[in-house]
Amino acid sequence: INAEYMGGKSGRQNVIVTMLLEKHQVHTPDVRSANIVACQAVAASVSSMLGPCGRDKLIVLPDGELIVTNDGATALASMKISHPAACLLVELSQAADMNEGDGTTSVVVFAAALLRTSNSLLACGIPVRDITLHFGSAAADAADFARGLSISLPPDCSPFQSRTAAIPSEPHFQHNGDTLLYQLARTAINSKLVGSTAPTFARLCTDAIAELRRGSNSDQELTSPRVFTIPGAPLDQSELVRGLVVKAQCIHPSMPRFLRGPRVLVFCCPVQLSRPSVDFSVRVPDIAAMDRMLREDERFAKAIAAAAKRCGADMVVVQESVTDVALSSSVVQSLQLLGILALRPLPLAIIREICDKTGAIPVATPQDVIKAASLSGAHDHPFRLGRCKEVEVLDSSTTGSMSPLVVFRDCSVPGSVAFLIRGATLAASEEAARALNDVIAVLRRALQCRAVVLGGGCVEVAVSVALRQLADEFGLDATVKRVVYLAFAEALLAVPQTLARNSGLCVSSTISQLIALHRRGGAGAQCGVAVEQLQLDHTPGGLTAATTSASATANMRDLGVVEGLAGKQAQWIMAVQAATTILRIDACVTGIRLPPK
């Protein structure tokens with residue numbers, strides 16, 4: 001490809017490209033076959049991570065950083081994939097992670113299955129246009145069938161129930177909003193690296209969603225909580241903070257690190273003697289004048305610290321200043337002597353967040369505090385102290401050489417949560433944080449859609465059987481549509497097939513049993529792949545006997561394995577769109593830009 005640059009009227013450089021088609025362009029069907037093979041390779045690399053029995057990937061980045069994950073989006077984003085069509089699957093996985101929070105591996109596996117079945121349809125002479133057109137209609141019908149199989153979240157799923165609802169010790173499905181959310185969270189986290197602590201993390205996630213709903217007007221406005229990682233502790237010591245966590249540091253080592261029921265005084269101005277707002281210089285004629293200046297500064301520091309104490313402040317937070325010292329050393333020393341906790345100056349955004357969550361009104365000038373301390377009426381203050389139940393300062397030694405953190409627990413304004421995720425290593429804590437963010441996104445999406453479906457491959461098999469029955473109803477004039485629908489139904493089985501393979505089950509036997517159960521209807525229509533789980537029986541002698549489930553199928557409703565309806569529908573639609581884009585490519589052209597003359 002030869003390219004020449006010509007200056008345009010708009011100032012931009014227009015590119016005139018001359019393509020040598022016979023040398024630099026690869027034609028159909030070679031390009032389409034190569035694209036399908038590349039996508040199959042990408043799907044094969046991540047399919048082993050699907051499900052609770054999926055394996056993890058160890059990824060070594062160019063800088064030597066290690067990532068251990070079984071999240072499809074994280075693994076694909078960390079891989080060096082250069083094939084153009086394969087990169088589309090990477091973007092597909094990223095889109096699923098961004099919009100739905102889960103299903104990043106399933107959507108890639110399903111898209112690759114669609115391409116694999118499309119290859120067989122192309123070999124039969126079916127045009128690409130017909131394949132892509134009927135794939136779209138089949139995805140729409142599949143979404144409608146899934147909604148018919150869905151379970152609606154009951155209206156009694158209140159934002160306050162999750163704190164008091166009893167969490168069942170054994171997996172058991174109940175048609176109750178809080179239990180349904182708990183089962184949804186546990187299903188989503190079971191397939192993550194932190195699946196061994198699924199009950200703990202599921203409880204944290206449901207409690208976080210309940211607290212977020214307290215501070216939100218509707219489920220459509222739920223925000224994502226902040227997540228902070230702290231290596232050097234077991235995963236089950238992770239904590240949900242109903243309040244605020246900020247990156248800040250105590251300004252003096254002798255100040256208290258823990259306060260119970262503190263009152264927070266917030267300054268939005270420098271805490272020092274008043275000075276001109278322009279540049280100035282001071283000439284000190286003698287030592288006596290210097291001594292008077294230092295005594296005046298010390299007097300002001302003691303006055304402001306004593307005034308803060310008389311106003312009832314146990315903690316002082318100051319906004320950082322660009323042109324001046326926000327908190328002078330003499331004021332810090334005076335606050336320390338009175339036992340008041342002070343943080344290093346913070347940015348305006350964090351100051352606003354502290355005020356919003358603790359209900360504080362910041363101080364405009366230091367003189368306002370001195371004046372308010374002399375007044376007897378508590379309501380005469382031009383500012384207001386923030387309140388929370390506890391404040392804890394986590395230094396670098398506590399956070400594992402990470403940034404120091406300050407934790408505000410149970411603030412006066414509800415609706416704010418943060419997670420302190422602990423792990424044995426930094427990689428483990430970061431992977432747990434990614435998993436937790438995904439689960440929160442799944443719960444938010446389920447609350448917005450207000451419906452869930454049975455997991456474990458149950459909904460895929462049910463929709464596949466329904467599509468096969470629908471295809472059999474097509475007349476002779478819709479033969480191509482029938483064949484494409486049957487191919488789509490076959491591709492839907494890729495997810496339960498992968499679950500069975502990763503669980504060590506016989507794939508063909510498991511899928512045949514599931515299809516037969518779903519065609520029979522009744523309780524069989526609620527069956528999915530019985531993911532093999534290890535059960536430990538503790539004997540009186542202290543020995544442990546391991547037993548495994550022998551059945552290849554199980555009732556997902558009894559086990560409480562559920563997934564979000566909106567996420568499942570989005571996976572199918574996005575996979576069809578990605579497969580359509582790849583199938584419509586009939587040539588791969590490599591462009592080379594020459595430097596401007």
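The values are calculated or read from the model by the stated rules, or taken from the named source; none is laboratory data. For clarity, every value in this text was computed on a predicted model and none was experimentally measured. Every residue, glycine among them, receives a Cβ derived from its backbone with ideal geometry; neighbour counts consider all protein chains shown. Just so you know, the surface numbers come from the protein's heavy atoms only, side chains and all, with ligands and any DNA or RNA stripped out. Shrake-Rupley method; radii C 1.70, N 1.55, O 1.52, S 1.80 Å.
Before moving on, here are some points about what is shown:
- Close pairs (7 angstrom Cβ cut-off, 6 or more residues apart or separate chains): in contact (Cβ under 8 Å) with a residue 12 or more places away in the chain in segment 470-489, charged (D, E, K, R) anywhere: Leu470/Asp141; Ala471/Arg482; Val480/Asp130; Val484/Asp130; Leu486/Arg468; Ala489/Arg468
- Whichever residue in segment 330-375 is open to solvent by 70 Å² or more (accessible area, probe 1.4 Å) and part of a helix (DSSP H, G or I) and, among such residues, is farthest from Val271 (Cα to Cα): Asp356
- Residues within segment 297-323 that are part of a loop (DSSP other than H, G, I, E, B) and either of a type in the set (Val, Ile, Thr) or under 39 Å from the mean Cα position of the chain (by Cα) (or both), tallied: 6
- Any pair with Cβ under 7 angstrom, 6 or more apart, that starts in segment 550-570 at a residue that is basic (Lys, Arg) and ends at one that is assigned to a helix (DSSP H, G or I): Arg557/Gln526; Lys568/Ala146; Lys568/Val459
- From the options Leu273, Leu244, Leu259, Leu294, residue that is closer than 30 Å to Asp438 by Cα and either outside any helix (DSSP H, G or I) or modelled with pLDDT under 85 (or both): Leu244
- Exactly one residue out of Gln497, Gln533 is under 21 Å from Val562 (Cα atoms) and at pLDDT 90 or above: that is Gln497.
- Counting only helices (runs of 4 or more DSSP H) that fall entirely inside segment 49-154 and contain at least 1 residues that are more than 19 Å from the chain's Cα centre (by Cα) and aliphatic (A, V, I, L, M), the qualifying elements are 84-99, 104-123, 128-149.
- Some residue of segment 111-122 being closer than 19 Å to Gly567 by Cβ, crowded, with 24+ Cβ neighbours inside 10 Å and not small (Gly, Ala, Ser): yes
- Residue check, Ala210 open to solvent by less than 40 Å² (accessible area, probe 1.4 Å), at pLDDT 85 or above, small (Gly, Ala, Ser) and outside any loop (DSSP other than H, G, I, E, B): yes
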